[in-house]
Amino acid sequence: MLHYSCPPLVGGVEEILRHHALVLTRAGQQVSVLAGMGETFTELFPVTIHPLLGSQNDRVKSAHEACLKGRFGPLKEVTREIYEVLKTWAEPLDVLIAHNVMHMPFNLPLTLALRQLAFREKIRVVSWAHDSPFVRPDCPEYLASPPWVSLKLPHPRVSYVTISRSRKNVFKKYLPGIMWHVIHNGIDPASFFYLSPESVRLFEELNLLERDLVVVQPSRITPRKNLELSLEIVDGIRSLGCNVLFILTGAYDHHEGQAVQYYRMLRERIEELGLSEHVAILAEYVFSDGTRLVPHRTFIRDLYLIADLLLMTSRDEGFGLPLLEAGMIKLPIACSRIEPFLEIGENVCFFRIEDPPLFIAGRIMEYLSRTNTHEMFRKVMRHYVWDTICRKSILPFLLSLAATG
C-alpha cells in the first residue's frame with residue numbers, strides 16, 4: 001500500500017495506512033509500504049521511502065507549475081520515473097492499495113503513473129479514497145481540464161473503495177461512473193487502551209468482541225461474595241436473548257478446604273446452568289497453548305476498560321473498592337443493596353440479594369438501556385475493531401481481487 005507519507009508523520013490517512021498494514025500482517029498477509037515521506041515505522045514488514053512520491057517534492061511541484069502554464073514535458077518526465085519506481089516495487093505484489101493519491105491533486109505524476117501501472121501490469125490497483133477536491137464548493141477550475149481531470153475519471157482496471165456510505169453518496173454525485181465499495185475505518189482497542197498482551201490474547205480466546213454484554217466481577221472466590229447469585233443473574237441475562245460473557249477474576253486459597261469446596265460448587269452450578277461458554281473463572285484459566293493465565297494489576301484494569309458492567313453480589317463487605325475503580329472509568333455498576341455499597345454508590349443499579357435472579361437480570365438490562373454509552377461502546381466493539389473489519393471486509397475484498405488477477 002502507498003500514500004504520500006507514512007508514520008511517524010502524523011495524519012489521518014497515515015494512521016489508517018498503518019492500521020491496514022498491521023492488521024493484514026496479523027492476518028497472515030505479506031505487506032509492503034511505499035511512501036514519499038516518513039520512516040521505517042515497524043520491523044514487521046518492509047517500508048520504502050522514495051521522495052518522488054511525496055506531496056512536497058520540489059520536482060513534483062515544478063511539474064505542476066509547468067503543467068498549469070501549458071508545458072507538459074516535466075510532468076511526463078516525473079511520471080515516467082515514478083512509474084519505474086512503482087513497477088519495480090509492485091512486481092512481487094498481488095494488490096496495490098493507493099490511499100487517497102488517485103483523487104487528490106498533490107502529486108499528479110503519481111496519479112498518472114498509477115493509472116498506467118493498472119493498464120500495463122498484472123497487479124490489481126485499488127483506489128482507497130478518503131477525500132476529493134471535487135466534492136468541495138471551492139474546487140479549483142483547472143482541475144476540470146486535462147490532465148488534472150484524470151483525478152475524477154473512472155479507470156476500468158482500478159477498484160474503488162471509500163470509508164463510509166455518506167462518502168460514497170457524495171462521490172457518486174461528483175465523481176460519476178465509478179462503482180464504489182464501502183469499507184469502514186476502525187479502531188484498535190489494544191493500542192487505544194494500551195492493553196497488555198495477555199489481555200488481548202484472553203479477549204480473543206473468549207470471543208469478547210462478538211459478545212452483546214461483558215460482565216466483570218473482581219471478587220475472591222469465597223462464600224460471602226455470593227457468586228452463585230452472579231451465575232443465576234448471568235443465566236437470567238442469557239435467557240433474555242443476550243450473548244453474555246461473565247468474567248470472574250478472583251483467586252481462592254487452594255489449601256483452605258471451604259474455599260476449594262465452594263469453587264467446586266460454582267463449577268458444578270456452571271455445568272447445571274449450561275453456562276460453560278458464558279463464564280470464565282480466571283483463577284483456573286488455561287490458554288489454548290496450555291499456559292496458565294497469571295492476572296496482574298494491569299490485567300484487571302484492562303478488564304474494566306473492555307467490560308460493559310461491573311457486577312457485585314456480595315452479602316457482606318467492609319468497603320467496596322471495585323465500585324470506585326469502575327467509577328473512575330465510567331463503567332456501569334450493578335450491586336447488592338448492602339450498607340458499604342449504598343454508602344459509596346451513586347446512580348448505580350442496586351438490587352436485593354433476596355430478589356429472584358431473573359428479576360435482577362431484567363433490572364440490569366433496563367438499567368443498561370438507560371446508559372447511553374453502553375450501546376455505542378458495544379457497537380464499536382462488534383463492528384469497528386480493525387481485526388473484525390479485516391476478517392469480514394478487507395481480506396475477502398482483497399482476496400477476490402487477487403483471484404481475478
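The values are calculated or read from the model by the stated rules, or taken from the named source; none is laboratory data. Just so it is clear, the structure is predicted and the values come from calculations on it, not from any experiment. Cβ sites come from the backbone with ideal geometry, for glycine too, and all protein chains shown count toward neighbours.
Things to note:
- Candidates LYS87, LYS122 - the one that is surrounded by fewer than 20 Cβ atoms within 10 Å (Cβ to Cβ), modelled with pLDDT of 95 or more and farther than 22 Å from PRO176 by Cα: LYS87
- Test: residue in the range 83-93 that is assigned to a helix (DSSP H, G or I), farther than 17 Å from PRO146 by Cα and of a type in the set (Gly, Ala, Ser): yes
- Scanning the range 298-319 for residues that are surrounded by fewer than 22 Cβ atoms within 10 Å (Cβ to Cβ) and over 24 Å from the mean Cα position of the chain (by Cα) gives ARG315, ASP316, GLU317, GLY318, PHE319.
Listed here are the residues, each with its yes/no results for (1) surrounded by 20 or more Cβ atoms within 10 Å (Cβ to Cβ); (2) polar (S, T, N, Q); (3) in contact (Cβ under 8 Å) with a residue 40 or more places away in the chain; (4) in a loop (DSSP other than H, G, I, E, B).
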{"site": "VAL216", "(1), (2), (3), (4)": "yes, no, yes, no"}
{"site": "SER219", "(1), (2), (3), (4)": "yes, yes, yes, yes"}
{"site": "ARG224", "(1), (2), (3), (4)": "no, no, yes, no"}
{"site": "ASP235", "(1), (2), (3), (4)": "yes, no, yes, no"}
{"site": "GLY241", "(1), (2), (3), (4)": "no, no, no, yes"}
{"site": "GLN258", "(1), (2), (3), (4)": "no, yes, no, no"}
{"site": "ARG264", "(1), (2), (3), (4)": "no, no, no, no"}
{"site": "GLU268", "(1), (2), (3), (4)": "no, no, no, no"}
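- Hey, PHE341 aromatic (Phe, Trp, Tyr) and at pLDDT below 85 or not: no
- Qualifying residue in the range 274-286 (condition: more than 25 Å from ILE360 (Cβ to Cβ) and surrounded by 12 or more Cβ atoms within 10 Å (Cβ to Cβ)): yes
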